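> Starting off with a structure, shown below.
The values are calculated or read from the model by the stated rules, or taken from the named source; none is laboratory data. Worth saying up front: this structure is predicted, and the values here are computed from it rather than measured. Here Cβ is always computed from backbone atoms with ideal geometry, including for glycine, and neighbour counts include all displayed protein chains.
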Amino acid sequence: MSEMDEVIKRTCRFIIADDHMVVRQGMSLLVKETFPNAIIFQADNFTKIKGILIEEKIDVLILDVSFPEGNSISLLQEVKQIQPDCKIMIFSALEEEVHALHFYNAGVHAYLNKLSEEEIIQKALVTLVTQGRFVSELSKELILNSITTGKSINPIQSLSERELEVARLMVKGFGNLEISNALQLQKTTISTYKKRIFEKLQVDHLAGLIELFSHYLD
């Protein structure tokens, strides 16, 4: 039996955490195809994730970014406290080139976009189990760029022109009504833009937005 055969036959234990059932089911099938003896738990919120981690020994946590409770980056420290050896793979629709370094810096072991080919996802899973980390070629370039320049790819570049206008006014301390008047938009529209800005930049509050702007923009 080859070393790879031995790896594939391991009884690895996974949590697939996503608030969309179709994503959980699809990833479960792919994990089972890669590791036929895998034991798979599913979770659609933070409480279930933590409950499983407390009750079960987990090898790999496959984690989406956005949940009803907020950004999963806020959960990472708790995961590490409960199970320090658990490997965390972010599996998200967010662009890798914009968000991957943010999550690597927070301590995850892999970052994959949900549009990745099945072969890449399977390679990432096997590499996580055997080596403890998977870094795509794109992320390697991002990490190298971060080391050589001292800064990561600017996540603020992911904002549209209008979102950037709204974000700048938020950082200046403008409220919804003031932004609405300044840009001649409805207050409900401003609220929608604010939600998009927080989601794209992966921050949960104004202080986080101000910190990003102070780091990436003069």
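> Filter the stretch 49-71 down to residues that are assigned to a helix (DSSP H, G or I) and in contact (Cβ under 8 Å) with a residue 24 or more places away in the chain and give me whichever is nearest to GLY26 (Cα to Cα).
ILE49
> Looking only at the stretch 93-120, which residues are polar (S, T, N, Q) and either touching a residue at least 40 places away in the same chain (Cβ under 8 Å) or buried (at least 21 other Cβ atoms within 10 Å of the Cβ) (or both)?
Within the stretch 93-120, just ASN105 meets the criteria.
> Any residue at all in the stretch 29-37 that is assigned to a helix (DSSP H, G or I), within 23 Å of GLY107 (Cβ to Cβ) and at pLDDT 95 or above?
Yes, there is a match, as at least one residue in the stretch 29-37 is assigned to a helix (DSSP H, G or I), within 23 Å of GLY107 (Cβ to Cβ) and at pLDDT 95 or above.
> Quick check on the stretch 59-75. Is at least one of its residues more than 22 Å from LEU201 (Cα to Cα), touching a Lys or Arg at 6+ places or on another chain (Cβ under 8 Å), surrounded by fewer than 22 Cβ atoms within 10 Å (Cβ to Cβ) and in the same structural domain as ILE39 (by TED's automatic domain parsing)?
Checking the stretch 59-75: at least one residue is more than 22 Å from LEU201 (Cα to Cα), touching a Lys or Arg at 6+ places or on another chain (Cβ under 8 Å), surrounded by fewer than 22 Cβ atoms within 10 Å (Cβ to Cβ) and in the same structural domain as ILE39 (by TED's automatic domain parsing).
> While we're here: List every residue pair whose Cβ atoms sit under 9 Å apart, with the two residues 6 or more apart in sequence or on different chains, where the first one lies in the stretch 18-34 and is in the same structural domain as VAL65 (by TED's automatic domain parsing) and closer than 18 Å to ILE88 by Cα and the second, anywhere, is of a type in the set (Phe, Trp, Tyr) and surrounded by 13 or more Cβ atoms within 10 Å (Cβ to Cβ).
Here the result reads ASP18/PHE67; ASP18/PHE91; ASP19/PHE67; VAL23/PHE91; MET27/PHE14; MET27/PHE91; SER28/PHE14; VAL31/PHE14, each pair linking the stretch 18-34 to a residue that is of a type in the set (Phe, Trp, Tyr) and surrounded by 13 or more Cβ atoms within 10 Å (Cβ to Cβ).
> Can you name the residue in the stretch 96-130 that is in contact with a Lys or Arg (Cβ under 9 Å, 6 or more places away or on another chain) and either polar (S, T, N, Q) or outside any helix (DSSP H, G or I) (or both) and is also farthest from LEU144 (Cα to Cα) among such residues?
This residue is THR127.
> Out of all the residues in the stretch 124-139, is one or more under 29 Å from GLU211 (Cα atoms), at pLDDT below 85 and touching a Leu at 6+ places or on another chain (Cβ under 8 Å)?
yes
> Exactly one of (1) in a helix (DSSP H, G or I); (2) closer than 24 Å to LYS50 by Cα is unmet by SER139. Its number?
With (1) in a helix (DSSP H, G or I); (2) closer than 24 Å to LYS50 by Cα applied to SER139, the lone miss is (2).
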